[in-house]
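Shown next, in C-alpha cells, is the structure this report addresses.
The values are calculated or read from the model by the stated rules, or taken from the named source; none is laboratory data. What you see is a predicted model; the values in this text were computed from it and never measured. Heads up: the accessible areas ignore ligands, DNA and RNA and are worked out on the full protein's heavy atoms, side chains in. Shrake-Rupley method; radii C 1.70, N 1.55, O 1.52, S 1.80 Å.
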Amino acid sequence: MAPDLARTNMFLGIMAAVSLLQAISIIGILVAGALVVRRVLRLMTVIEQQHVAPTVKRVNAILDDVKEVTSTVREDAGRVDRVIDWLLERVGTHRHVSQSPENRPM
C-alpha cells in the first residue's frame, strides 16, 4: 500500500495559506498602528500649540503678577514692622520718662 500524500499536501497547502494570511494581517495591523500613532502625535502637537501653549503663557503671566504683588506686600509689611517697632520704642521711652520718680505726682 502506497502512502497517499495528496491529503497531506493539501493540508500543508492550507496551513501555508493560513500562515500567509496571518502574516499579511499582522503587517496590516502594524501599518494601521503606525498610522494611528502618527495621527495621535500630530493631534497632540496641534493641541499643544492651540491650547496648552496659550494656557501656559496665561498662567506664567498670572504667576508673575502674584510674584510682584507678593514682593510689594513683603516690602510694605517690612515697613509696617519698622514703624511699629519705632512706635513701641518711642512709647516705651515716653512711658519710662513719665514714670520716673521725679515725674510722679505726690
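When the accessible area of the chain is split by element with a 1.4 Å probe, what percent falls to carbon and sulfur?
Numbers: 6760 of 10080 Å².
Of all accessible area on the chain, carbon and sulfur atoms account for 67 percent.
Pick the calculated volume of the Cα convex hull per residue in Å³ for this structure from (i) 136; (ii) 199; (iii) 67?
(ii)
How much solvent-accessible surface does residue 44 expose, in Å² to the nearest 10, with a 1.4 Å probe and all protein chains in place?
110
Quick check for you: with a 1.4 Å probe and neighbouring chains kept, what is the accessible area per residue of the chain, in Å²?
95
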